1. Using DSSP to call loops (not H, G, I, E or B), can you name the trypsin sites (Lys or Arg not before Pro) in region 264-359 whose Cβ has at most 15 other Cβ atoms within 10 angstrom?
2. Kindly provide the helix-only [θ] at 222 nm of the chain, computed as the sum of -39,500 (n - 2.57) over DSSP H runs of four or more divided by all residues, to the nearest 500 deg cm²/dmol?
3. Among Y259, Y208, Y284, which comes first, then next, by fewest other beta-carbon atoms within 10 Å?
4. On a full-extension model of 0.36 nm per residue, what is the gain between V170 and R251, subtracting their alpha-carbon distance, rounded to one decimal in nm?
5. From the backbone phi of region 31-38, what are the Karplus-calculated ³J(HN,Hα) couplings (6.51 cos²θ - 1.76 cosθ + 1.60, θ = phi - 60°) in whole Hz, Gly and Pro given as x?
6. At what distance in nm do the modelled label points of E396 and E112 sit from each other, each positioned 7 Å from its Cα along Cα→Cβ?
7. Dimensions of the chain along principal axes (Cα, Å, largest first)?
8. Of V250, V262, V170, how do they rank once you tally other Cβ atoms within 10 Å and put the fewest first?
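Read the figures in this text as sums done on the coordinates, not as results from a lab. All of these numbers come straight from a predicted model, not from anything done at the bench. Positions of Cβ are generated from backbone atoms using ideal geometry, with glycine treated the same way; all protein chains shown enter the neighbour counts.
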Amino acid sequence: MGVTVALLTRDLRVHDNPVLAGADRIVPLYVLDPTLAGLSANRLRFLHQSLADLRESLRRLGGDLVIREGDPVAETMRLARETGADRVAVAGDVTGYARRRERRLRDECERERTELRVTPGVTVLSPGAVRPGGGGESYRVFSPYFRAWSAAAWRSPVATPQRITLPDGVATGSLPKIPDGESPHAAEGGETIGRRRLSGWLRQIEGYEGAHDDMPADGTSRLSPYLRWGCVSPLAVAEAARSRGAEAFVRQLCWRDFYYQVAHAFPKLSTEPMRPAGDQGWRYDDDAREHWQDGLTGVPIVDAGMRQLRAEGWMHNRARLITAAFLTKHLGLDWRIGVEWFFRWLLDGDVPNNSGNWQWVAGTGNDTRPYRRFNPIRQALRFDPEGVYVRRYVPELKGIDGAAVHQPWRLADPVRRGLDYPGPLESHRDEAVWLRP
């Protein structure tokens, strides 16, 4: 009977998980990699919660989750030798780190005469499944990619294993202690909660197109952390949304796949511009950077988004666009500052989507209109017309009614009204352009 060591990375689930299929005996393995441990306290907490949930799910199937710590390639091969495994399975991924890990794993498997099986599962369509005409490696514009992605055949979902049997004598190891994160109101990780959230979301998904930009209503799925860690299957989410005719939501899932194929073709997405002509003229102002990070820019819609990020480890999709545009297009600060700050706090922070979206906003990436600018006040009046979202996250302004909350500096006497809130940061650009609604 064959034995497969299933190296789990960002596929922390038992449903529709190709890594757990295709073998008589599966040894599910997660390796705590010290290289990745210090990137984000929020994501580390979410990861450890997800591992605890996954272990419980595997135990209900008769198996267990093997925990090791160290270099993932070395620990995988060590476990393969201990169990007499003839195969190693891992989900394909796109970051430079993941691809180096896969290459090293392939080399070691060849040396040990062990089969390596690289499976799909991190995206709906694997990067390279659809390619532009003319021999290009990846699509650089979303619309043609969406057409090709929508027309492509998706893989069939993998059935949840009925039973998982570990070889005798495998030491499973201890789960890591769940650490404290930095965000007090962050979502809890795990497949169980992710599946529950998905079920609840599908009951209201028909209203997504009209509600996803409504900042007070928060009419979004909040599934992104569960997709990032593979607690829910991207394919299962896309199929469920498509079956309900929720094309606007399906399109957002396609954006996720789009940036994965971009990152596969451009592995330095977090540090180097895709469009070098747009990567010029940045200024470096520590005071402006810190005010933006702390949610003290004096522009309420920006500050609300930045404070939501710290409180929840998540930010509304429209607020992400507004805060990123403010940093790059109004303060003129380098987009890489934003990449690093979001990556520290976001539960769903990953290289393809975080870096890809920052480059899009900054005009260095895939935006077909790289010089576009977003007026934060107009955005606020359109998507938070009564100021409900702002007052939720900026309590200093809770006494201001209606749309006036978006421009508190225009009140007749802000000091007399008791506002402990700064005026807007000065920009090196034409301030009147973005302060005028």
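1. In loop regions of region 264-359 (DSSP not H, G, I, E or B), the sparsely surrounded trypsin sites (Lys or Arg not before Pro) are K268.
2. -12000 deg cm²/dmol
3. Y284, Y208, Y259
4. 24.8 nm
5. For region 31-38, the Karplus curve yields 10, 6, 8, x, 4, 9, 5, x Hz.
6. According to this spin-label approximation, the distance is 5.6 nm.
7. Sorted from largest, the Cα extents of the chain read 79, 48, 43 Å.
8. Listing V250, V262, V170 from fewest to most nearby Cβ atoms yields V170, V250, V262.
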